[in-house]
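The values are calculated or read from the model by the stated rules, or taken from the named source; none is laboratory data. This one's a predicted model, so the numbers in the text were calculated from it and none came from an experiment. Heads up, the Cβs are rebuilt from the backbone with ideal geometry, glycines too, and the neighbour counts pull from every protein chain shown.
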Amino acid sequence: MRSLRIAAVAALALAAALPARAQGLPRATAPEEVGLSTERLGRLTERMKQGVEKGELPGAVVLVARFGQVAYLRSFGLRDPDARAAMTDDAIFRIASMTKPFTSLAIMMLAEEGKLSIAEPAEKYLPELKGLQVGVVRTGADGKPEVATEPAKRPMTIQDLLRHTSGLAYGAAGGNPLKQAYVDAKLSDRGQTNAEMVTKLSKLALVHQPGTTWEYGMSTDVLGRIVEVVGGMPLDRFVAERIVRPLKLPDTGFSVAAEKGGRAARPHKEGPKNEVPVVPAVTADLAWKSGGGGMVSTAADYARFCQFWLNGGQLDGVRLLSRKTVELMTSDHLPPGTAMGPDMARFEALLPGPAMGQGFGLGFAVRNEAGRSPLHGSVGDFYWGGAYGTYFWIDPAENLLAILMMQSPQARLPYRYLMRELVYQAIVD
């Protein structure tokens, strides 16, 4: 009985620690109310503290919600390592590729309004993409790689862009001249517009034949331009007016006002060169509103966004998508036999391929099979993360969502694995 009383007191203390400011979703009175163990969540707390103490990450915010209620919300370490400022639950982060679900949502909203079909070629809305060539890298007589081109066998579709089978990639300096061309064309220039970015892309060869290969890349950035053309307004305005405002996400957008700069999370020195990663300030209003990676948010805001998906396209009486569209988006869209790009092994256990029992839907990876992946989860869960360290997943089978917010590229994979393990081990119902 004494141990039960101690656990109850600890549970109430944890609930009381959840600040009203960060209450993006209702709070559980104790984790046990939603089938989680206070004692077992303590393991997550201790491991995050260890990570900060060892210098593995500068700081983080972790949120776990179940059945629509926040059961765990804790901040760790430093929000700003240079200023030695402590992390806070309401810290604002650059979320990089966790922008992609917002842009994908915008596309599907336009589809539901009858303004486009995802089965259509992207070139219908972006004529510059007509007649694209596919690059084939061969070894030349001098032993160095050289590029030949061949016509695309079919146009990329909007579905291809949503599921990353468009033939587009990300730029990378080094041995692949097709990806080096992205670097040379400055396709990640923060001073460009989405229209200028598409013009640059249209002059480059595709890395794969459309529809054949999963290659993570600038597909969602192209979707951002389609949103602008079809939606009739800049991407940032569409997201603000049609998504962020209705869902009540006050600290989410492509930047935040200067007065919120004191809540910005910053990285620390890390990596083989012990350098501070280049992460744009959350107050920086960059010219390029990257649909693939340009947004900022908080744990509380992103929890509301995740709950919107978990609720089948609605939150607090506001419906942006039908339940059937959410079902479509969270199904695997990779055809049997889809190859994984040769550089995609870097995703390791989070690779959306059959070797891990996973695939890719319309904006996020999805789990297709039990087993195969070494990480905890359920069939039907869906997830994604950002290059700066942020990560989320949504598990409809367990009515659960979890969010990790940090600005540490170096620590992102290990801590995604830890999050999966230490959240699921806390389920006790």
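Looking at the stretch 138-257, what helices (runs of 4 or more DSSP H) fall wholly within it and have at least 3 residues that are under 22 Å from the mean Cα position of the chain (by Cα)?
Where helices (runs of 4 or more DSSP H) fall fully within the stretch 138-257 and carry at least 3 residues being under 22 Å from the mean Cα position of the chain (by Cα), they are 158-163, 194-202, 219-231, 235-238.
In the stretch 247-276, which residue that is surrounded by fewer than 18 Cβ atoms within 10 Å (Cβ to Cβ) and among the charged types (D, E, K, R) is farthest from residue 92 (Cα to Cα)?
Filtering the stretch 247-276 for residues that are surrounded by fewer than 18 Cβ atoms within 10 Å (Cβ to Cβ) and among the charged types (D, E, K, R), the one farthest from residue 92 (Cα to Cα) comes out as 273.
All but one of (1) crowded, with 19+ Cβ neighbours inside 10 Å; (2) in contact with a Ser or Thr (Cβ under 9 Å, 6 or more places away or on another chain) hold for residue 190; which doesn't?
Only one criterion in (1) crowded, with 19+ Cβ neighbours inside 10 Å; (2) in contact with a Ser or Thr (Cβ under 9 Å, 6 or more places away or on another chain) is unmet by residue 190, namely (1).
Name the residue that is nearest to residue 339 (Cα to Cα), counting only residues in the stretch 215-230 that are β-branched (Val, Ile, Thr) and in contact with a Ser or Thr (Cβ under 7 Å, 6 or more places away or on another chain).
In this case the residue turns out to be 220.
Could you tell me whether the stretch 368-379 includes any residue that is surrounded by 24 or more Cβ atoms within 10 Å (Cβ to Cβ) and of a type outside the set (Phe, Trp, Tyr)?
The answer is no; no qualifying residue exists.
Checking residue 98 against (1) part of a loop (DSSP other than H, G, I, E, B); (2) crowded, with 24+ Cβ neighbours inside 10 Å: exactly one of these is not met. Which one?
Residue 98 satisfies all of (1) part of a loop (DSSP other than H, G, I, E, B); (2) crowded, with 24+ Cβ neighbours inside 10 Å except (1).
Looking at 244, 229, which one is of a type in the set (Val, Ile, Thr), closer than 17 Å to residue 108 by Cα and either buried (at least 20 other Cβ atoms within 10 Å of the Cβ) or free of Cβ contacts under 8 Å to residues at least 40 places away in the same chain (or both)? Don't jump to the end; show me each part of the working.
On the way: 229 fails: either buried (at least 20 other Cβ atoms within 10 Å of the Cβ) or free of Cβ contacts under 8 Å to residues at least 40 places away in the same chain (or both).
One residue alone meets the criteria, 244.
Of all residues being on the phi > 0 side of the Ramachandran plot and assigned to a loop (DSSP other than H, G, I, E, B) in the stretch 348-363, which is nearest to the chain's Cα centre (by Cα)? Just the residue, please.
This residue is 363.
Taking the stretch 392-414 as the region of interest, how many residues are surrounded by fewer than 24 Cβ atoms within 10 Å (Cβ to Cβ) and under 24 Å from residue 276 (Cβ atoms)?
Residues that pass the stated criteria total 6.
For the stretch 314-336, state whether one or more residues are within 19 Å of the chain's Cα centre (by Cα), free of Cβ contacts under 8 Å to residues at least 24 places away in the same chain and not in a helix (DSSP H, G or I).
The answer is no; no qualifying residue exists.
Give the residue, chosen from 85, 71, 96, 152, that is at pLDDT 95 or above and within 30 Å of residue 32 (Cα to Cα).
Exactly one residue qualifies, and that residue is 71.
Hey, does the stretch 267-276 have a residue that's over 17 Å from residue 99 (Cβ atoms) and either in a strand (DSSP E or B) or acidic (Asp, Glu) (or both)?
Yes: one or more hits.
Can you list residue pairs whose Cβ atoms sit under 7 Å apart, with the first residue in the stretch 171-192 being assigned by TED's automatic domain parsing to the domain that holds residue 286 and the second being modelled with pLDDT of 95 or more and hydroxyl-bearing (Ser, Thr, Tyr)? Count only pairs 6 or more apart in sequence or on different chains.
none
Please go through (1) in contact with a Phe, Trp or Tyr (Cβ under 6 Å, 6 or more places away or on another chain); (2) farther than 23 Å from residue 27 by Cβ for residue 414 and return the number of the only condition it doesn't satisfy.
For residue 414, the exception is condition (1).
Can you name the condition, by its number, that residue 148 falls short on among (1) within 20 Å of residue 180 (Cβ to Cβ); (2) of a type in the set (A, V, I, L, M, F, W, C); (3) touching a residue at least 40 places away in the same chain (Cβ under 8 Å)?
The single condition residue 148 does not satisfy is (3).
If I filter the stretch 418-429 for residues that are within 30 Å of residue 137 (Cα to Cα) and of a type in the set (S, T, N, Q), do I get at least one hit?
no
For residues in the stretch 44-67 being over 19 Å from residue 391 (Cα atoms) and in contact (Cβ under 8 Å) with a residue 12 or more places away in the chain, which is surrounded by the most Cβ atoms within 10 Å (Cβ to Cβ)?
So the residue we want is 67.
Can you pull out the residues in the stretch 364-396 that are outside any loop (DSSP other than H, G, I, E, B) and more than 23 Å from residue 61 (Cα to Cα)? First the steps, then the outcome.
From the stretch 364-396, those outside any loop (DSSP other than H, G, I, E, B) are 365-367, 382-385, 391-396; that's our starting set.
Correct list: 366, 367.
Residue check, residue 117 against (1) part of a loop (DSSP other than H, G, I, E, B); (2) under 21 Å from the mean Cα position of the chain (by Cα), all met but one. Which one?
(2)
Report, by residue number, each residue of the stretch 52-95 that is part of a strand (DSSP E or B) and of a type in the set (Ser, Thr, Tyr).
Selection gives 72, 75.
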